[in-house]
Amino acid sequence: MDGDGVPKPSIAPALGVAAVPHNVQAVRGFAAFLAGLGQKLLLDMIQGTNNFRHNPRLRWMQVSLKTTCVLICTAIWVVGAYGLVQRPANGADQPAPDESRVEVEPTDSAPRSTNLPLPRFVSLRTDPINMRTGPGVRYPVDWVYGRRGLPVEVVAEFDTWRRINDPDGADGWIHTSMLSARRTAVVSGGLRPIRRTSEDEGELLARLEPGVVVSIQRCPAGSYCRVEAAGVQGWVRRDHLWGVYADEVIE
């Protein structure tokens with residue numbers, strides 16, 4: 001609570017996968033393969049028992065065992081194919097990206113390498129977005145971002161591709177059509193105050209938890225930036241934010 005004794009709200013990060021390793025699909029496919037192999041081996045073992053073939057009561061048990069086996073293997077396949085695969089702890093399940101929508105081959109109409117300064121901050125335009133190991137769709141996907149508006153830092157350009165760093169230190173290549181010039185930032189460190197004025201003694205409006213993505217409204221010269229988070233607008237120290245440089249002015 002602030003000096004007036006009134007508790008202030010704490011704004012937490014929105015749920016959503018920041019990045020998902022691309023090997024999730026491989027784990028699912030391997031689980032499905034094991035389920036099918038187990039089903040075949042168990043059925044072969046049951047059918048090879050001669051006593052089941054000549055005794056009516058045991059034959060009835062054979063049919064029951066077959067049915068049970070099929071149900072169990074089907075359940076294993078469903079788990080492996082659809083998803084009880086561990087995701088990052090701060091995320092929720094996300095659909096696999098549609099490559100035809102997420103990324104496109106470079107075209108003559110797409111913006112080429114620019115004369116904009118490097119490095120610079122931008123944000124993710126949509127989700128999900130693939131980050132690749134190189135500048136082109138022929139390179140493998142390294143991460144899948146599922147958090148629209150996440151700030152990233154452009155550190156290099158190649159044709160219509162941009163090499164980026166994310167707030168967690170991961171780096172790779174994203175097509176420029178997936179990036180937006182809209183400025184956002186991520187709250188870093190511990191709980192950070194958002195104040196009514198750009199002063200250390202300004203009225204406390206709320207506290208921002210680490211990982212909250214804020215929309216930057218402006219950053220005049222000085223120590224504070226005006227931001228918006230979950231409908232709350234106020235001032236946050238720029239050294240509490242990842243996504244804005246120490247001497248950068250944003251109007």
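The values are calculated or read from the model by the stated rules, or taken from the named source; none is laboratory data. Not measured: the values here are computed from a predicted model. All Cβ positions, even for glycine, are placed from backbone atoms using ideal geometry, and neighbour counts span all protein chains on display.
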Just the residues that are crowded, with 16+ Cβ neighbours inside 10 Å and either of a type in the set (D, E, K, R) or not in a loop (DSSP other than H, G, I, E, B) (or both), please, taken from the range 146-164. R147, R148, P151, V152, E153, V154, E157, W161, R162, R163, I164
For the range 187-208 the number of residues that are charged (D, E, K, R) and either assigned by TED's automatic domain parsing to the domain that holds F121 or surrounded by 15 or more Cβ atoms within 10 Å (Cβ to Cβ) (or both) is 3
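To keep it simple, each residue is scored yes or no on (1) without any contact (Cβ under 8 Å) to a residue 60 or more places away in the chain; (2) out of contact with any Phe, Trp or Tyr (no Cβ under 9 Å at 6 or more places or on another chain).
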| position | (1), (2) |
| --- | --- |
| R195 | yes, no |
| Q217 | yes, yes |
| V232 | no, yes |
| L241 | yes, yes |
Any residue at all in the range 133-140 that is aliphatic (A, V, I, L, M), modelled with pLDDT of 50 or more and part of a loop (DSSP other than H, G, I, E, B)? yes
With V213, V187 as the choices, which residue is in contact (Cβ under 8 Å) with a residue 24 or more places away in the chain, on the phi < 0 side of the Ramachandran plot and in contact with a Ser or Thr (Cβ under 6 Å, 6 or more places away or on another chain)? V213
Residue count, the range 165-175 (criterion: touching an Asp or Glu at 6+ places or on another chain (Cβ under 8 Å) and loosely packed, with under 14 Cβ neighbours inside 10 Å): 0
Is there a residue in the range 218-228 that is closer than 17 Å to S10 by Cβ and within 30 Å of the chain's Cα centre (by Cα)? yes
Residue that is surrounded by the most Cβ atoms within 10 Å (Cβ to Cβ), among those in the range 176-186 that are of a type in the set (G, A, S) and touching a Leu at 6+ places or on another chain (Cβ under 9 Å): A185
